[in-house]
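The values are calculated or read from the model by the stated rules, or taken from the named source; none is laboratory data. Note that this is a predicted model, so its numbers are computed, not measured. Note: ideal-geometry Cβ built from the backbone for every residue, glycine included; neighbour counts use all protein chains shown. Each accessible area value is taken on the protein alone, full model and side chains, heavy atoms only, with ligands, DNA and RNA left out. Shrake-Rupley method; radii C 1.70, N 1.55, O 1.52, S 1.80 Å.
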Amino acid sequence: CSASTNKPVLTLFTKKPCPLCDEAKEVLEPYKGRFILQEVDITFPENSAWYEKYKYDIPVFHLNGKFLMKHRVDIQKFEDQLRKVELQSD
């Protein structure tokens, strides 16, 4: 079935090294079957707009293109938003 194509996309704006990003990914590990993780390295030239926006705030997360959270994973907020998106796609 097409369930895998309907998974929400969680975008992580990051750079190397980013200990907070690594920590955030660990916190999200139990949920990884429920979303597609897309990492955007803000130090790449093609991502300069994101760099200007988020250089002091990483990690920053967007869920399906909408800003979700920054600095740390707010599990309650993440779960609520993930559930909302999942319900919309059913």
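What number comes out for the charge environment of M69, summing +1 per Lys or Arg and -1 per Asp or Glu over other residues with Cβ under 12 Å away?
Numbers: positive: K66, K70, R72, K77; negative: D57, D74, E79, D80.
Around M69, the surrounding residues sum to 0.
Enter the angle in degrees (range 0 to 90, nearest 10) between the Cα long axis of helix 75-89 and the first principal axis of the Cα atoms of the chain, meaning the one along which they spread out most.
50 degrees
Just how large is the dipole of the chain about the Cα centre, in debye to the nearest 20, putting +1 at every Lys and Arg Cβ and -1 at every Asp and Glu Cβ? Write out the running numbers ahead of the final one.
Working: 14 positive and 14 negative charges, 26 e Å.
Charge dipole of the chain: 120 debye, to the nearest 20.
By how many degrees, between 0 and 90 and to the nearest 10, does the Cα long axis of helix 19-28 differ from the longest principal axis of the chain?
The answer is roughly 0 degrees.
Relative to the compact-globule scaling 2.2 N^0.38 Å, provide the ratio for the alpha-carbon radius of gyration of the chain.
Here the Cα radius of gyration is 1.09 times the empirical estimate.
Given a 1.4 angstrom probe, what's the average accessible area per residue across the chain, in square angstrom? It would help to have the intermediate numbers written out before the result.
Values: 5850 Å² over 90 residues.
Ligands and nucleic acids excluded, the result is 65 Å² per residue.
On a 23 Å Cα-Cα criterion, which of the cross-link pairs K16/K84; K32/K77; K16/K55 come out too long?
Details: K16/K84 31 Å; K32/K77 16 Å; K16/K55 12 Å.
Violating the 23 Å limit, Cα to Cα: K16/K84.
Around D80, under 14 Å between beta carbons, what's the net of Lys plus Arg minus Asp minus Glu among the other residues?
Values: positive: R34, K66, K77, R83, K84; negative: D74, E79, E86.
For residues surrounding D80, the net value is +2.
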